[in-house]
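Here the structure is laid out as structure tokens; the discussion comes afterwards.
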Amino acid sequence: MTQKYNIEGMTCNGCRTRVEKALRELDPNAEVVLETHEATVDESITKEAVEKAVENAGYKVK
């Protein structure tokens, strides 16, 4: 099962790549879609861990 998160601040494919790279350190199957500003990660990853990874990449979880 997966969990979706809305990501603030992504404006280009480079942004998407940075967020996806950060999340793939937590979940190798994580995916980020720029058009919908959504990140999908395994539900076993805590929200706090997702928020920290996204913030370290320079973005925010809504």
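The values are calculated or read from the model by the stated rules, or taken from the named source; none is laboratory data. Remember, it's a predicted structure, so these values are computed and weren't measured experimentally. Note that we place each Cβ from the backbone using ideal geometry, even for glycine, and neighbour counts take in every protein chain shown. Only protein heavy atoms, including side chains, enter the accessible area calculation; ligands, DNA and RNA are left aside. Shrake-Rupley method; radii C 1.70, N 1.55, O 1.52, S 1.80 Å.
For this structure, a couple of remarks:
- Residues of the stretch 29-43 that turn out to be without any contact (Cβ under 8 Å) to a residue 12 or more places away in the chain and not in a strand (DSSP E or B), as a count: 2
- GLY9 meets each of the listed conditions (1) over 10 Å from the mean Cα position of the chain (by Cα); (2) buried (at least 17 other Cβ atoms within 10 Å of the Cβ); (3) not aromatic (Phe, Trp, Tyr) apart from (2).
- For the stretch 47-62, filtering for residues that are open to solvent by 70 Å² or more (accessible area, probe 1.4 Å) and either closer than 13 Å to LYS4 by Cα or in contact with a Lys or Arg (Cβ under 9 Å, 6 or more places away or on another chain) (or both) leaves 2.
- Within the stretch 34-46, tally of residues that are open to solvent by 60 Å² or more (accessible area, probe 1.4 Å), within 18 Å of MET1 (Cβ to Cβ) and not acidic (Asp, Glu): 2
- Selected residue (criterion: least open to solvent (accessible area, probe 1.4 Å)) from residues of the stretch 13-28 that are charged (D, E, K, R) and assigned to a helix (DSSP H, G or I): GLU20
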